[in-house]
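The values are calculated or read from the model by the stated rules, or taken from the named source; none is laboratory data. Keep in mind that what you see is a predicted model, and the values were worked out from it rather than measured. FYI the Cβ positions are ideal-geometry reconstructions off the backbone, even for glycines, and counts take in every protein chain you see. Side chains are part of the model used for accessible areas, which takes the heavy atoms of the whole protein and leaves out ligands, DNA and RNA. Shrake-Rupley method; radii C 1.70, N 1.55, O 1.52, S 1.80 Å.
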Amino acid sequence: MGEDGPVDAVDDDVAQSVAELRRRADELAVLNDLARRLAALHDTREVLDEVARQARRLLGVDVAYIMLLRHDRLRIEVVDGAMGSAMRGIELESGQGLGGQVLATGRPLSSERYLEDTRFPHGEGTDAAALSEQLGGILGVPLVVGDDTLGVLLAADRRARAFGDRDVELLAGLAAHAALALRTADLFDRERAAAADLRAANETLHAVSESRQRASDLRDELNDVVIRGGGLAAVVAALERSAGLAVQVRDHDGHTLAGEPPAEGGLVVPVDLPSGRGGDLVAAPTGVPDDEDTLRLLRIGATTVAVLLASERSVAEAELRTRGEFVHALLSSDADEASLLRRARAIGIDLQAVTTVAVVDAEPVGPTAGAAFAARLAAELGGWSAGHAGQVVVLLPADVDRARESVTRLAAPDGGAPTTGLAAGGGGPLGVRSAHEEARQTAALLLALGRAGSCATSDELGLYRSLFSSSGRAGLATFIDATVGPLLAYDDVHQRDLAATLETYLEQARHHARTCEVLHIHANTLYQRLDRVTEVLGPRWKEPDRALELQVALRLHRLLADHPG
């Protein structure tokens, strides 16, 4: 028996040594296997999660967590085995708590009962989290790569536990592999971020290149439109193809010049001319409030529209000057009829088709509005307008009644319109001249009668047009006062109706019975009133020439009374 005792003891020691070696070999195998798995992970979050899980398994602890160094502070990034979320996101300064001490010293540290351990500076937040998780023993080791400390790996039990050297070696070995894997994953993260930034930059450059190419293509197409003499419709079509939007061109008054108006809202780009704003380009809503690419294309289109509008205005102004010179020659010169007809055909005016002439005076709306009104009248009836002698003459291939209707319709809703005289003509140079003179006289008499802004035909004013068209209002008043002034004064003082009686009597060709019927008075009353007229005006009022002057003066007085200045 005595001899067997020492042999048995040796066998036990050998068995323990073999078991220890096997355990260490198993642990090394686990660490090597873990190292291979960690090396295969290229995402920082996956590495952190795997390290925390393996720390719990290797050391047989309840909780494992990793604190990483962020701007000189430790922050808990991953927790495995926690009962709640109290630990996640907690931050420590260097030297604070067990983790802060590991960071400050660069050595593994442990505590058997952390909450009761006075060797570490405790913080209210960290202790509250440890109490919430019921942590007892804690072991922490630094995560180090070369000279860089990345953070701290910690393992904790929910009971008091004294961690031995083997525990420290295992956690330190895991921390070494983990630190290397974290650095590798961080490099991969940076590489991926750099690659993503590069892709984004390439996409941006590609988008910019495509945008510039679209802009260049649009410029080439619009230049071709201008060179070929295309109009606004061609510009709209090019913009719709390039920008993929429904586009409308409108003038400064909001009237559509080309394209269809969008349903609602949309991008608005002004069309600027040297003389001011010429209109707008309006595109249908894109759904992108700040679509710079679309705005860039619209601005290119707006520039082309401005060129076309300026060109059209230049052409229109040249046509107006040419027509103005022709109208001046037609109305003011002694050029023969054949020459005038040839000049008219050369500028697109058919004098034989002119059946109405309108003279538009700027009063009371002003020259610009008067010219615009005349242009609209000419456009509506297919005629021609041109300035002459401070007024605008409109030659119309339409009858006078239709012209009168158009003038009434084109007047502004508030009544703002120029003074317009209309006269029918027989066509040809002589017919146009004759109609122009009648229309001019009509407009002049409307102004003299204080009816600025109204319209009348030459037939409406009849004799008064030819007699007083060149007279001003003061001249009319002088004529009336010299002719029937005493009679008007008598009526005003005595509250009588001698002027109205005399005008009716003369209009009825001095027929007593018809005059009494119109005035609803007795014959004796008429005789008494006519005798009183003789007393006031003298017996010469009965003479034919004098009677005509009296009738004209009384009619003018009534017109002036109906339209006081």
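Please give, to one decimal in nm, the separation of the simple spin-label points placed at Ser85 and His328, each 7 Å out from Cα toward the Cβ.
Here the modelled spin labels are 8.8 nm apart.
Tally Lys/Arg at +1 and Asp/Glu at -1 over every other residue whose Cβ is under 12 Å from the Cβ of Asp253; what's the total?
+1
Ordered by packing density, taken as the mean number of other Cβ atoms within 10 Å over each peptide's residues, highest first, how do 134-142, 379-387, 401-409 rank?
134-142, 379-387, 401-409
Please list the non-local residues whose amide H lies under 5 Å from the amide H of Leu257, H modeled 1.01 Å from N, same-chain partners needing a gap of 5 or more.
Those qualifying (amide H under 5 Å, at least 5 residues apart or on another chain) are Val249, Arg250, Asp251.
Tally Lys and Arg at +1 and Asp and Glu at -1 over the other residues with C-beta under 10 Å from the C-beta of Ala344: what net charge comes out?
Net charge in that neighbourhood comes out at +3.
Placing +1 at every Lys and Arg Cβ and -1 at every Asp and Glu Cβ, with all other atoms neutral, what dipole size does the stretch 86-191 have around its Cα centre, in debye to the nearest 20?
260
Let me know the shape class of the stretch 378-419, please: from the alpha-carbon gyration tensor, a ≥ b ≥ c as square roots of the eigenvalues, rounded when a/c is under 1.5, otherwise prolate if a/b is greater than b/c, or oblate.
Oblate shape, in that a/c is at least 1.5 and b/c is the bigger or equal ratio.
Full-extension gain between Glu535 and Glu337, please, as 0.36 nm times their residue separation minus the C-alpha to C-alpha distance.
Here the segment from Glu535 to Glu337 would lengthen by 65.6 nm.
Quick check: net charge around Ala215, other residues with Cβ under 13 Å of its Cβ, Lys/Arg +1 and Asp/Glu -1?
-1
Using alpha-carbon positions, what is the distance between the centroids of the stretch 379-440 and the stretch 330-361, in Å?
14
Which of rounded, prolate or oblate describes the stretch 145-206 when judged by the alpha-carbon gyration tensor and an a/c cut-off of 1.5?
Prolate, because a/c is 1.5 or more and a/b exceeds b/c.
Suppose each label sits 7 Å from its Cα in the direction of the beta carbon; what would the Arg241-Ser434 distance come out to in nanometres?
Label at Arg241, label at Ser434, 5.6 nm between them.
What Kirkwood hydrodynamic radius do you get for the stretch 181-251 when you take the inverse of the mean 1/r over all pairs of distinct Cα atoms, in Å?
15.5
Per 10 Å bin from zero, what fraction in whole % of the C-alpha pairs of the stretch 485-546 is there, up to the bin with the longest pair?
For the stretch 485-546, the pair-distance distribution reads 22, 58, 21.
Under the classification rounded if a/c is under 1.5, otherwise prolate if a/b is larger than b/c and oblate if not, where does the stretch 112-170 fall, given a ≥ b ≥ c as square roots of the Cα gyration tensor eigenvalues?
Oblate, because a/c is 1.5 or more while a/b does not exceed b/c.
What full-extension length gain, to one decimal in nm, is calculated for His71 and Arg510 as 0.36 nm per residue of separation minus the Cα-Cα distance?
146.2 nm
Select from Met83, Leu139, Gly125 the residue farthest towards the positive end of the dipole of the stretch 50-142; place +1 on Cβ of Lys and Arg, -1 on Cβ of Asp and Glu, and compute about the Cα centre.
Leu139
Would you mind putting 146-158, 503-515 in packing order, based on average other-beta-carbon counts within 10 Å, highest first?
Answer by packing, highest mean first, reads 146-158, 503-515.
Just subtract the alpha-carbon distance of Ser311 and Ala196 from 0.36 nm times their residue separation and send over the number in nm, one decimal.
Gain in length upon complete extension: 36.4 nm.
Sorted from largest to smallest, which semi-axis lengths in Å does the alpha carbon gyration tensor of the stretch 123-245 give for its equivalent ellipsoid, taking the root of 5 times each eigenvalue?
Semi-axes from the Cα gyration tensor: 69, 19, 8 Å.
Ordering Glu260, Glu438 from largest to smallest accessible area (1.4 angstrom probe), what's the sequence?
Glu260, Glu438
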